[in-house]
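Chemist: Handing you this structure, nothing more for now.
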Amino acid sequence: MSVTSNRLRRTLTLVLAVAALLLGFAAIRAASAWTAEAAPLVVSPTAAKDIEAKLTAEQARTLELEAQIATMSGQADELTTALRVAQERIVTDGGHADQLAADLAAARERLKKLEAAIKAASAQRTVTVVRTPPPSGGGSTAQVEHETEHEGGGDD
C-alpha cells in the first residue's frame, strides 16, 4: 500500500464519520420536532404556591370530614343504644301482653260461668199470682192482683 492510498482512506473515513455525526444530529432534531408536535406543552406546570394552597384546602376539608365522621359515629352509637332499649321494651311488653291475654282468657271463663249461673237462677224463678176478694163494704167490684216473685234457693 502506498502513502496516498493511506491518506485517501483516512480522509474518506473522516468524511464518513463527520457525515454519520451530521446525519445522527439531523435525526435527533427531526425526532424532537416530531415529538413536540405530537404532544405540545401548552399548559404550563402548576406553581408551587398553587399546590401548597390546594394542599392546605384539602387538609382543612379532611379535618371537616373527620369531624363529621366523629359526629355521625356518636349519632350511630346513640341510635344503637336506643334500638337496644326499644328491643328490650318490646320483649318486656310482649311478656305483659302474654300476661294480659292469660288474664283476659281467665276473665272470659269466669264470665261464662257467671252467665251460666244467672241463666240457671232465672230458670228456677217462679211467679205466684194471689187474688184477693173485693172489699166487703165498699161497693167496688174491682179485683186486685198481687204478684210476688220467689227465687228458688234465694234469700226469702
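The values are calculated or read from the model by the stated rules, or taken from the named source; none is laboratory data. Please read these numbers as outputs of a predicted model, since none were measured by experiment. With ideal geometry, Cβ positions are generated from the backbone for all residues, glycine too; neighbour counts draw on all protein chains shown. Note: accessible area is taken over every heavy atom of the protein model, side chains too, but ligands, DNA and RNA are not part of it. Shrake-Rupley method; radii C 1.70, N 1.55, O 1.52, S 1.80 Å.
Chemist: Kindly indicate whether any position in the stretch 33-41 is open to solvent by less than 100 Å² (accessible area, probe 1.4 Å) and over 60 Å from the mean Cα position of the chain (by Cα).
Modeler: Checking the stretch 33-41: at least one residue is open to solvent by less than 100 Å² (accessible area, probe 1.4 Å) and over 60 Å from the mean Cα position of the chain (by Cα).
Chemist: To continue, here is another question. Among the listed residues Thr62, Thr46, identify the single one that is assigned to a loop (DSSP other than H, G, I, E, B) and of a type in the set (S, T, N, Q).
Modeler: Result of the check over Thr62, Thr46: Thr46.
Condition check ((1) at pLDDT 95 or above; (2) open to solvent by 100 Å² or more (accessible area, probe 1.4 Å); (3) at positive phi) across all residues:
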{"site": "Arg10", "(1), (2), (3)": "no, yes, no"}
{"site": "Asp50", "(1), (2), (3)": "no, no, no"}
{"site": "Lys54", "(1), (2), (3)": "yes, yes, no"}
{"site": "Leu63", "(1), (2), (3)": "yes, yes, no"}
{"site": "Ala70", "(1), (2), (3)": "yes, no, no"}
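Chemist: Here's something else I'd like to know. Tally the residues that are among the hydrophobic types (A, V, I, L, M, F, W, C) and not in a helix (DSSP H, G or I), restricting the search to the stretch 25-43.
Modeler: Looking only at that region, the number is 4.
Chemist: Sticking with this structure for a sec: Does Ala142 count as out of contact with any His (no Cβ under 8 Å at 6 or more places or on another chain), modelled with pLDDT of 95 or more and not basic (Lys, Arg)?
Modeler: No, not satisfied.
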